[in-house]
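Student: Quick one: this structure, given as structure tokens, is what I'll be asking you about.
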Amino acid sequence: MIATPRPSRNQSRSVLLNASGICKHFGDFTANDDVSFSIGEGEIHALLGENGAGKSTFVKMVYGLLQPDSGQIEWRGQPTVIRSPQHARELGIGMVFQHFSLFQALTVAENIALALPPGESLADLADRVRRMSAEYGIGVDPDARVHNLSVGQQQRVEIVRCLLQDPSLLIMDEPTSVLTPQETGQLFDVLRRFSEAGVAILFISHKLEEIRALTERATVLRRGRNVGTVDTAGQSSKQLAEMMVGDSVGDIAGQARPDGQTTALLEVASLVRPAGTAFATPLRQISFAARAGEVLGIAGIAGNGQDELMEALIGEWRGRDADVIRIDGVDITREGPSRRRQLGLGFVPEERNGHAAVPNMTLADNALLTSHSLGRVVTRGLVDADATRAMAAEVAGAFDVRLPQENPMASALSGGNLQKFVVGREISKRPRVFIVSQPTWGVDVGAALSIRTAILDLAASGSAVVMISQDLEEIFTISHRVAVLYDGALSEAMVTADVTPERLGLLMGGSAAAAGLAAEAQA
Amino acid sequence: MISLTPRKEIPLTLTLMTPLVAIALTLVVGAAIFGILGYDPLAALYQFFIAPVSRPYQVADLFVKACPLIIIASGLVFAYRANVWNIGAEGQLILGAMAAGFVALTWPNLPGPVMMPAMIIAGMLGGLAWGMIPALLKTRFNTNEILVSLMLTYVAVLFIDWTVRGPWRDPMSFGFPLTPMYADAALISRVELPGIGRLGQLHWGVAGALIFALAAWFMLSRSILGFQVKVMGDAPRAGRFAGFSPAMVTIMVMGISGGAAGLAGMVEVSANIGQLQPDISFGYGFTAIIVAFLARLNPLAVIIAGLVVALAELGGDSAQIALAMPKVVTGVFKGILLFMLLAGETFNRYHVTFSLPHRARMQGDSDA
């Protein structure tokens with residue numbers, strides 16, 4: 001295979017798959033409504049849309065897992081009914097799912113052999129894997145045991161498994177959601193090589209920057225309908241976002257920032273927490289103050305003490321020393337979550353399912369979860385069901401939570417909708433101090449925008465917000481000051497506008513000294 | 001491949017039909033088994049389902065049999081909803097009966113209005129105290145409440161045995177392991193129905209059991225206490241986030257379920273036996289576990305489930321007496337009935353699909 005330059009965006013390549021007028025209904029719900037889509041040989045084509053826009057439904061029909069109610073799929077110009085995944089693979093369509101299906105105890109070669117027709121010896125297969133791995137720079141060792149591999153490596157095993165079946169179209173469902181930035185970069189290199197070798201790639205994502213970096217064209221779905229197909233190079237992320245969301249996306253950067261002289265609402269002084277288990281990070285002398293009117297960002301790579309800090313702030317873990325955590329000057333170090341809420345704190349932990357919300361309970365019960373100590377809904381030990389229901393409905397209305405039915409189970413909501421609910425549940429109580437971890441993790445563009453706007457509005461109304469986030473873009477977009485959590489220790493808070501991403505990156509990597517030098521050089 | 005997917009909506013007719021179909025299937029399978037074993041199937045089924053409820057007084061006795069089951073299961077529902085596995089209701093029942101017995105035997109001259117409440121409270125405290133042992137060991141030392149509560153049952157059995165043979169034995173009992181009879185004020189009286197008079201063994205404890213189940217349902221569905229229990233069982237981390245203490249909930253539900261079992265022990269002795277003896281329970285504490293799950297951990301359904309299980313017990317007795325059927329055969333039939341009801345419950349909640357297995361699943365198709 002001769003490495004050719006990345007193919008240009010002309011449409012002279014022959015069309016590999018062409019779907020037109022695809023409709024799919026589930027009961028009353030229309031998942032796909034007259035969707036058309038076409039991909040050429042060797043093309044990298046993005047399928048873009050919010051959660052619930054119908055992306056997965058569409059590719060499941062292409063992969064034979066679902067049958068369209070109407071419409072037609074042409075494969076290499078021939079009208080084709082794709083009966084099953086088996087049939088799809090015979091045609092040359094492979095798919096890598098968001099969740100892996102590998103046996104952890106087996107080797108890579110053994111895992112791959114299980115998916116292939118029998119007859120080939122493991123040694124031969126291992127050789128093929130090695131050759132393919134070298135050819136595309138995939139870096140998969142066929143003899144490695146899967147449980148020793150990182151998530152990114154496991155994904156590559158899945159890719160190799162698809163590739164050995166010699167597909168001409170590879171579907172990848174949100175492949176980067178589990179990868180680090182470095183692994184994402186490596187994946188894109190590999191995918192580009194496939195594309196040069198003539199394999200078409202259908203890439204599902206809602207991350208706009210990635211789509212602009214990797215793909216040539218993008219087809220945008222919104223609420224099951226085809227919004228259009230565009231050349232990604234000619235679009236800004238904002239334009240793509242507008243196509244996805246449908247509304248004009250406001251620019252939330254550049255809001256008024258408070259001056260540095262407002263009062264500190266939340267003060268943390270020398271918070272120390274020993275590691276509870278072998279996997280936990282101890283907290284080392286954490287001190288910070290969150291002032292009225294500001295969003296204090298706490299940046300850092302996952303696993304540097306975010307969970308431990310969040311538990312200490314919520315009060316799920318409590319230390320023995322006095323005067324470590326104070327709100328409005330009141331010592332709350334030894335108070336539990338209920339008392340802290342009474343004093344005006346609001347919390348949204350990172351994990352929605354099972355921490356911020358109970359999946360098997362209704363939204364009304366989930367509203368009760370964080371308001372039972374605040375009076376109003378509980379009198380003499382009895383729950384006022386009408387009041388909790390009204391509270392949930394109010395939150396849903398104010399924060400645009402789309403409900404499949406009245407008062408649904410939390411598990412019936414999509415991730416983004418549930419996140420809007422748990423954030424809205426706290427913000428609607430107008431907390432004096434709002435502490436939120438990963439507010440837009442796994443949330444689509446439209447929901448992320450409304451959550452960030454709500455956080456900024458809350459700060460503007462005079463509350464203090466502490467936002468723990470691993471998303472640097474988010475930190476830079478909405479936090480007024482930023483501190484970095486590394487190995488359980490927190491850096492000095494800095495005014496975000498004065499910090500470069502490079503310096504923050506160095507702090508996140510633990511090079512405080514180098515970060516200091518970078519700051520001096522900058523000065 | 002057989003796969004179960006939860007039904008989004010469960011139609012009411014299905015919910016009503018399910019137990020009927022389950023019972024019909026039990027009749028068919030049971031008749032076949034009886035036939036194979038050489039019994040007249042119709043006569044056997046008559047003994048199981050009709051004979052125990054063919055006269056009004058027998059219906060009353062069915063309620064009497066179900067009474068301890070309903071009380072205990074109503075309490076166990078709290079523990080199981082909170083994912084706390086109290087298997088030791090039998091032992092808690094015995095301790096409750098002993099504590100109530102202590103009151104009745106120590107102060108036999110207490111007037112009725114004092115005696116009855118004192119015994120009820122003592123019974124509940126006795127069961128509660130026995131339940132506190134596994135609860136505190138769990139919260140303090142993280143022991144397994146299943147093992148501790150179960151083992152404590154055997155301790156309780158031996159304890160009452162020693163007590164009625166030793167310190168509490170009636171000197172006039174001719175060497176039998178029995179305490180003196182309770183005073184009249186310490187006995188739960190039979191219900192006198194207007195115009196009918198007494199109906200079988202029907203006693204006021206039955207009314208108490210029904211009220212108890214209703215109160216349990218109200219607590220579980222309407223109170224913040226019930227909410228805590230449900231949250232802790234469903235998502236313990238969310239419970240801590242809400243500000244609930246896992247240790248407090250464990251202690252609370254062990255206290256409620258232990259107290260309920262103790263109350264059942266008190267009622268059982270005061271209504272049916274009138275004195276303490278080595279055997280005061282017929283495994284009610286264990287049978288109630290089945291009742292609680294048959295009722296899908298809903299205290300209102302516990303009433304119906306308690307009656308169904310009690311019917312199976314009485315039907316088994318009746319078949320043994322009338323047809324000389326061995327106890328194991330009646331046990332098998334009871335097993336079939338419970339199996340069918342629980343299986344029907346599963347089909348009610350899940351949609352079942354059959355498909356041929358194919359290698360493609362390896363690829364993770366089912367993940368999509």
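Student: With a 10 Å Cβ neighbour count serving as the proxy for reagent exposure, in which order, fewest first, do A:ARG212, B:ARG55 appear?
Tutor: Neighbour counts put them in this order, fewest first: B:ARG55, A:ARG212.
Student: Of A:PHE26, B:PHE141, B:PHE63, how do they rank once you tally other Cβ atoms within 10 Å and put the fewest first?
Tutor: Result, fewest neighbours first: B:PHE141, A:PHE26, B:PHE63.
Student: For segment A:289-448, rounded, prolate or oblate, judged on the Cα gyration tensor with a ≥ b ≥ c (square roots of eigenvalues), a/c < 1.5 rounded, else prolate if a/b > b/c?
Tutor: In terms of gyration-tensor shape, oblate.
Student: In terms of modelled amide H atoms, which long-range or inter-chain residues lie less than 5 Å from the amide H of A:ASN32?
Tutor: A:LYS24
Student: Counting DSSP beta bridges with both partners in segment A:15-245, what percentage is antiparallel, nearest 5?
Tutor: 55 percent
Student: Counting pairs of alpha carbon atoms under 8 Å apart in space and at least six apart in sequence, what relative contact order in percent does segment A:370-419 give?
Tutor: Result for segment A:370-419 is 20 percent.
Student: When a footprinting reagent is the concern and you count Cβ atoms within 10 Å, what order do A:CYS23, B:CYS67 take, fewest first?
Tutor: A:CYS23, B:CYS67
Student: Of B:LYS8/B:LYS230; B:LYS65/B:LYS230; A:LYS429/B:LYS8; A:LYS207/A:LYS429; B:LYS8/B:LYS65; A:LYS24/B:LYS8, which sit over 27 Å apart, Cα to Cα?
Tutor: With Cα atoms farther than 27 Å apart: B:LYS65/B:LYS230; A:LYS429/B:LYS8; A:LYS207/A:LYS429; B:LYS8/B:LYS65.
Student: Below 8 Å, C-alpha to C-alpha, sequence gap of six or more: please give me the relative contact order for segment A:15-245 in percent.
Tutor: Value for segment A:15-245: 29 percent.
Student: Counting each DSSP H run of 4 or more residues in chain B as -39500 (n - 2.57), what helix-only mean residue ellipticity at 222 nm follows after dividing by all residues, to the nearest 500 deg cm²/dmol?
Tutor: Helices in chain B give a 222 nm mean residue ellipticity of -22500 deg cm²/dmol.
Student: Out of all DSSP beta bridges with both ends in chain A, state the antiparallel percent to the nearest 5.
Tutor: 50 percent
Student: Another question, if that's okay. Karplus couplings for segment A:343-351 from phi (6.51 cos²θ - 1.76 cosθ + 1.60, θ = phi - 60°), rounded to Hz, Gly and Pro as x?
Tutor: Here the 3J(HN,Hα) series is 7, x, 9, x, 10, 10, x, 5, 7 Hz.
Student: Now for a separate question. As a test of understanding, state the convex hull volume per residue of chain A from its alpha carbons, in Å³.
Tutor: About 178 Å³ per residue, rounded to a whole number.
Student: Just to compare against my own numbers: the Cα pair-distance distribution for segment A:15-245, 10 Å bins, whole % per bin, please.
Tutor: Going from the shortest bin to the longest, the percentages are 8, 33, 36, 19, 5, 0.
Student: With springs only between Cα atoms under 10 Å apart, run a GNM on chain B and tell me which of B:GLY239, B:GLY285, B:GLY258 wobbles the most.
Tutor: Result for chain B, Cα springs under 10 Å: B:GLY239 fluctuates most.
Student: Let me have the relative contact order for chain A, percent, based on Cα pairs under 8 Å that are six or more residues apart.
Tutor: Reported as a whole number, the value is 14 percent.
Student: Taking a cut-off of 53 Å, what percent of all Cα-Cα pairs in the protein assembly as shown are separated by more than that?
Tutor: 31 percent
Student: Same structure, new question: In a GNM of chain B with a 10 Å cut-off on Cα contacts, which of B:PHE49, B:PHE174, B:PHE218 has the highest mean-square fluctuation?
Tutor: In this elastic network of chain B, the residue with the biggest mean-square fluctuation among B:PHE49, B:PHE174, B:PHE218 is B:PHE174.
Student: Filter chain B for me: DSSP H helices, axial length by Cα at least 18 angstrom, mean Kyte-Doolittle hydropathy not below 1.6. List them by residue number.
Tutor: Membrane-span-like by this criterion, though nothing is claimed about a membrane: B:12-36, B:299-323.
Student: Summing -39500 (n - 2.57) over the DSSP H runs of n ≥ 4 in chain A and dividing by its residue number, what mean residue ellipticity at 222 nm do you reach, to the nearest 500 deg cm²/dmol?
Tutor: Taking each H run of at least 4 residues, the total per residue is -10000 deg cm²/dmol.
Student: Using a Gaussian network for chain B with springs between C-alpha atoms less than 10 Å apart, which of these wobbles most: B:ILE94, B:ILE133, B:ILE256?
Tutor: B:ILE133
Here, each number is a calculation from the coordinates, and none is a lab measurement. Note that this is a predicted model, so its numbers are computed, not measured. Heads up, the Cβs are rebuilt from the backbone with ideal geometry, glycines too, and the neighbour counts pull from every protein chain shown.
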